[in-house]
Amino acid sequence: LLGVIPKASEDRQARRVDLGHVVRQAPYSVVSESYRRCRTNLKLSGPAGASMTLLVTSGMSGDGKTSVASNLAATFVASDKKVLLIDANFRKPNLHTLFPQDQVGDSAEQFDFGLSSVLTHQCSSGEAVRSSGIEGLGIIDCGPAPANPAELLGSARMESLLAEQRKN
């Protein structure tokens, strides 16, 4: 067990904030401290200084995968780590709502780029990575819904993408 995140309804400071950004919006809350404790436990669970790849998943829709991933990313960024948050939830992507894209100066075509575009060779990983607006935190949105999500996520191209980004 790496950590337990309490319900926001049980934390007075976290009740009125966006749960996807609770670490940044309510940094002194019990919920935020729980995310920081989880980050510390993750760091201590592997070799010192090694880069990590984490997968956040759950059994049901609406369990809070995006919020957990977003808040863990925020805790790592706060400790001066560079983080790339990838939305691989092809059924119900939500990362783009937590980190809206700035449309000034970008073509509408770029907004279609995402993980599925990289995995189907429609763009490079560099084209799919966008800024989150937070220093040190990059985002790859899920992109257009593919017909074969399981095959794409288990592909050699996905392994290659993760290895390439781990170097960055």
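A short reminder: the numbers here are calculations on the coordinates, not readings from a lab. It should be emphasised that the depicted structure is a prediction, and the values quoted were computed from it without experimental measurement. So basically every Cβ, Gly included, is an ideal-geometry build from the backbone, and we count neighbours across all protein chains shown.
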Difference of contour (0.36 nm per residue) and Cα-Cα distance, Glu159 to Leu55: 36.1 nm
Within the chain: Cβ-based charge dipole about Cα centre, in debye rounded to nearest 20 (Lys, Arg +1; Asp, Glu -1): 720
Loop-resident sites, region 27-86, for chymotrypsin sites (Phe, Trp or Tyr not before Pro), counting at most 11 other Cβ within 10 Å (DSSP): Tyr28
Ellipsoid equivalent to the chain - semi-axes via the Cα gyration tensor, in Å: 27, 18, 16
Distance in nm between pseudo-label sites at Ser124 and Lys82 (7 Å out along the Cβ direction from Cα): 1.6
Computed [θ] at 222 nm, helices only, for the chain once each DSSP H run of length n ≥ 4 contributes -39500 (n - 2.57): -10000 deg cm²/dmol
Derived scalar couplings ³J(HN,Hα) [region 62-70; Karplus, 6.51 cos²θ - 1.76 cosθ + 1.60; whole Hz; x for Gly, Pro]: x, 6, x, 4, 5, 5, 5, 4, 5
Two-decimal ratio, region 1-48, of alpha-carbon radius of gyration to 2.2 N^0.38 Å: 1.20
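Please report the orientation-averaged projected area of region 26-83, defined via the convex hull of its C-alpha atoms, in nm².
Reported value for the Cα convex hull: 4.5 nm².
Taking R0 as 22 Å, what FRET efficiency do you get between Asp18 and Asp63 from their Cβ-Cβ distance, rounded to the nearest 0.05? Show your work: numbers first, answer last.
Values: r = 17 Å, r/R0 = 0.77.
Between Asp18 and Asp63 the formula returns 0.85.
Which of the trypsin sites (Lys or Arg not before Pro) across region 38-101 are loop residues per DSSP, with 14 or fewer other Cβ within 10 Å?
Sparse-neighbourhood loop trypsin sites (Lys or Arg not before Pro): Lys82, Arg91.
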